[in-house]
Structures are given as C-alpha cells and as structure tokens.
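A.B. asks: I am attaching a structure below and will ask some questions about it afterwards.
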Amino acid sequence: MEKIGNVVMNYDYYSGQDLYSDGDIEDTLLDIVKTHDRSEYPDVIVEAKSWPILYHLSEVRTNILNWYPFEPGAHVLEVGAGCGAITGTIAEKVEKVTAIDLSKRRSMINAYRNKDRDNIEIMVGNFNDIAAGLTEKFDYVTLIGVLEYGELYIPEKDAYHAFLKKIAGLLKPGGKVLIAIENQLGLKYFAGCREDHVGKYFEGLEGYSTTSGVKTFSKKVLQSLLEESGYEAVNFAYSYPDYKLPTTIYTDDFLPVKGELVNNLRNFDADRMVFFDETKVWDTLLDAGLFSEFSNSFFVEAVKPYEDAEMPKKTAQKTIFAKCSVERKDEYKIITRIFEENRKKIVEKDAAHAKANAHVERMAEYAANSPYLTENVKIVPCEKVGAGRVQFPYIEGPRLDKIIDDAVKAKEWDVVWENVRLLKDIIMNVSGKEEFHATESFK
C-alpha cells in the first residue's frame, strides 16, 4: 500500500512490470500532473499541441459520464482506469471508487491528478487476479473503452461473454455495467476514418479480417452479447461525435434533428480520408430512422437481474438527452440534461464547476424578475432545486435557431431578417436605448 495525497495505491496484485504502456509520453503526463493543478490543464494542452496530452487531460473526456445520474452513495468499480481521465468525475458523484489498471505508471498519473480526493483506491494489476480476490459487490462497474480488448485479457475461448459474466459477478443484484465503445459500423468509418484501435481503413467494416485481440460491435451484436451474458434492461445512448471527446448524448427518445450533426472532423490522432459530407449523410440516415445503427459510439447501461424476481426495482429518472458545455470558462461550465420522471419531461441545468453555481442560479432569479418580461414575451419558468442546479418544464415547439438556419439554406432572406428583427425588438425595447438602425454592413 502507498498513499499519494489522499488516494490509496494498492499493489497487492502488481507483478512488478507494467504490461501496458503508451510509451515515453506517460513520463511527460506524470510530470504534468505532478507540477500542474487541474485548472492549468487547458493551457498545457494548448501549448503542447499533442494528441496524447489532449486525449488524457482534456476535460471533454469527462463528458461521457459527467451527466450520468449515479446514486449518490454508490460504490463504483472502474475497470481499465488508465491515466484517470474519468476517475475523478466518478469520485465527485459517488461514495467510493475502486479503480483497476495494469500499469503502475498510468495509475500514478491517475493518483497525482486526483490526489485531493479521499474516496479513491487504485488497484494495480491484472483484472482477472484482482477480480478473483474482490469480496465487495458494486453498484456500478464501468468499462469505458475497455470491452473491446476482452480477447487480450480473458484467457477463454468465448472471451467477450466470459468477460461480461465476470463483470456481472462483481455487481450487486440490480447493479449496472456502464459501457462506452465505438460502433463497428460507425458512419465515420464509411466516411474515411481509420479504425481507432488498429489504425487501418475499413478494418472493422470488413470484420477485423486481419486483426486479433480487439474488436468492436454493431448495436444488434452488442445488445445480444449483453443479453446472452445474463443482463436485462439494456439501454443504449449515442455519444456524439464519439465517446472519446463527446459533447452530446442522444437516445432513441431524443434524437438529433436534421442539420444538427455538423461536428464530424474530430479524429485528431491520425490522418483520414473525406469521402463525403457526413452532415448530409447524417440527414439522410435521420430521415431513414437509422441514426442509432450508424452512431460512431455507444454508451450502454445494462442491469444485472435481481436474484428474487419479486424484489421491487428502483424507479429512477430516465435521462433522454445531455449536452455538456465544459469548454467554457469555469464560471460558465454547465451540463444540460433532459429526463423523464412520472411520464413528464424536465430540463435540468447543473453547474459543471463550483464557480458556475452563481451563473446557473441566476437563471431562476431572471425567470422571476427578467427585464424581458413584457406583454408579448414569456419566460420559461425556472426553479432552483439545489446548489448550482435548476429545472425547467420541457417546452415543445419550433426552435428559433432552426427556423433561421432553414431560411438561410433556402435563401429566404426576408424570413431571416424578420426573425433577427424580432430578437432586436425584444432586446431594444427593454434596454432604454435609442432606436436601432441597421447599416448595410450589419445586413
């Protein structure tokens, strides 16, 4: 045992040799996390201009889980924690995190970047050895970018089923496995991106015909894999642009609209081809109802069945959409989540940083006392429900940005100007300033 800050390092299962490494970049990462506060990582990333540093230290990585409504008192097992990109985010939300990784050096990076947290234990060693020695049953097990390597680490013929069954053995009845993984049939691979794990064009699409030890799955195959391994209530979400650096989480209950999927050139680790306009193809797939089949990545929640079929199951909120805005200044970082509860949709905005609490709470203040409240303007009601957290009713209707975007595409400039004028009138009528005059350059 060793402590790095408040983090417990457990070497009971460590062989003395790191069996997985990204090379010398890990020494650079260790030096960064030893000498820089988390708040300084964005500046380090900008200065370094390095994919590995961006990948391991970017706060955008946390978007795969920072929206997820963990039970507050939960105990979580994180398999394949690596350099800790997700560990701290989980630790903020739950009572205890037990992280497992093969590499001592990567685990030290994790520990130093999270040294102020007192609810993390990092176990260094082979997953199979550690799993055999664990006596605790967990509320959640996370496999973020891990399941695809099942054949490398599970010495059994049917490695992926065996891996998922072993994970189920570590869960409490009703516990959940959370999986983030690329889609074997992700649109980006048709559009000209290399397969993420082996760096070859079309390798996944061609069934990994020249690769062994790693593979991803289509939605149908992954769902069957989980159900055959004994899980129930398999729920898919779709992280866009992918799960590595996601900004938005969609579900089958809340899909993107046409024209929305524009952030497609996001492969920073290797060159790629560009065979077609992905936004236009996404629109075609949305029309055909095929977004879920071609999403670049999946986020999957699957439940271990209760041992007693009569045991009442918890009724929880069902998140149907999340938008994570963490690339702003700390004072304005927020997570927007839409969830269903008792058949009612609710929009929740949550501060993603303590400094953003005031920004979020001001929304409730303005809803009640907005200077924009006039005879012709209604403000959506907003209620503060906790520190840095507010909720709104879900309002359906045409979005102004989409109305304007569609008018621009159709070159209906009178519609564009009419709506810009509408906004202008709302703003100017409460500002007390003189009438606005549109110059030619403004137009």
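The values are calculated or read from the model by the stated rules, or taken from the named source; none is laboratory data. Quick caveat: nothing in here was measured; it's all calculated off a predicted structure. Cβ: placed from backbone, ideal geometry, glycine included. Neighbour counts: every protein chain shown. Side chains included, ligands, DNA and RNA excluded: accessible areas come from the protein's heavy atoms. Shrake-Rupley method; radii C 1.70, N 1.55, O 1.52, S 1.80 Å.
A.B. asks: Kindly list, by first and then second residue, each pair from a residue in region 162-173 that is within 16 Å of Val97 (Cα to Cα) to a residue that is open to solvent by 10 Å² or more (accessible area, probe 1.4 Å), limited to pairs with Cβ atoms under 7 Å and residues at least 6 apart or on different chains.
C.D. replies: Leu170/Ala131; Leu170/Leu134; Leu170/Lys137; Leu171/Lys137; Leu171/Lys304; Lys172/Lys137; Lys172/Asp139
A.B. asks: How many residues, within region 177-227, are outside any loop (DSSP other than H, G, I, E, B) and open to solvent by less than 50 Å² (accessible area, probe 1.4 Å)?
C.D. replies: 17
A.B. asks: Another question, if that's okay. Under 9 Å between Cβ atoms, at least 6 apart or on separate chains: pull out the pairs that start in region 199-214 with a residue that is closer than 11 Å to Leu185 by Cα and end on any residue that is among the hydrophobic types (A, V, I, L, M, F, W, C).
C.D. replies: Phe202/Phe190; Gly204/Leu185; Gly204/Val198; Leu205/Leu185; Leu205/Phe190
A.B. asks: Would you confirm, using the coordinates I've provided, whether Asn6 is surrounded by fewer than 18 Cβ atoms within 10 Å (Cβ to Cβ), modelled with pLDDT of 95 or more and not small (Gly, Ala, Ser)?
C.D. replies: So Asn6 passes the test.
A.B. asks: A follow-up question, please. Kindly indicate whether any position in region 152-163 is of a type in the set (Asp, Glu), open to solvent by less than 20 Å² (accessible area, probe 1.4 Å) and in a loop (DSSP other than H, G, I, E, B).
C.D. replies: No, region 152-163 has no match at all.
A.B. asks: Further question on the same structure: Consider only pairs whose beta carbons are under 6 Å apart and that are at least six residues apart or on different chains; among these, list those whose first residue lies in region 338-364 and is of a type in the set (Phe, Trp, Tyr) and whose second residue is part of a strand (DSSP E or B) and open to solvent by less than 30 Å² (accessible area, probe 1.4 Å).
C.D. replies: Close Cβ pairs (under 6 Å, with a partner that is part of a strand (DSSP E or B) and open to solvent by less than 30 Å² (accessible area, probe 1.4 Å)) amount to Phe339/Thr319; Phe339/Ile346.
A.B. asks: Also, quick follow-up: Can you tell me how many residues in region 1-53 are of a type in the set (Lys, Arg) and on the phi > 0 side of the Ramachandran plot?
C.D. replies: Total satisfying the criteria: 1.
A.B. asks: Looking only at strands (runs of 3 or more DSSP E) that fall completely inside region 32-129, which ones have 2 or more residues that are out of contact with any Lys or Arg (no Cβ under 7 Å at 6 or more places or on another chain), free of Cβ contacts under 8 Å to residues at least 60 places away in the same chain and open to solvent by less than 20 Å² (accessible area, probe 1.4 Å)?
C.D. replies: Answer list for region 32-129: 96-101.
A.B. asks: Still on this structure: Would you pick out the residues in region 141-151 that are open to solvent by less than 10 Å² (accessible area, probe 1.4 Å) and not charged (D, E, K, R)?
C.D. replies: Residues satisfying the conditions are Val141, Thr142, Leu143, Leu147, Gly150.
A.B. asks: What is the one condition in (1) open to solvent by 50 Å² or more (accessible area, probe 1.4 Å); (2) under 30 Å from Leu171 (Cβ atoms); (3) out of contact with any Gly (no Cβ under 9 Å at 6 or more places or on another chain); (4) not aromatic (Phe, Trp, Tyr) that Ser15 does not satisfy?
C.D. replies: (3)
A.B. asks: Val274 fails exactly one of the following numbered conditions: (1) more than 24 Å from Leu178 (Cα to Cα); (2) in contact with a helix residue (DSSP H, G or I) (Cβ under 8 Å, 6 or more places away or on another chain); (3) surrounded by 13 or more Cβ atoms within 10 Å (Cβ to Cβ); (4) β-branched (Val, Ile, Thr). What is the number of that condition?
C.D. replies: (3)
A.B. asks: Given region 330-421, what strands (runs of 3 or more DSSP E) lie entirely inside it while holding 1 or more residues that are open to solvent by less than 60 Å² (accessible area, probe 1.4 Å) and of a type in the set (A, V, I, L, M)?
C.D. replies: 334-341, 344-351, 389-393
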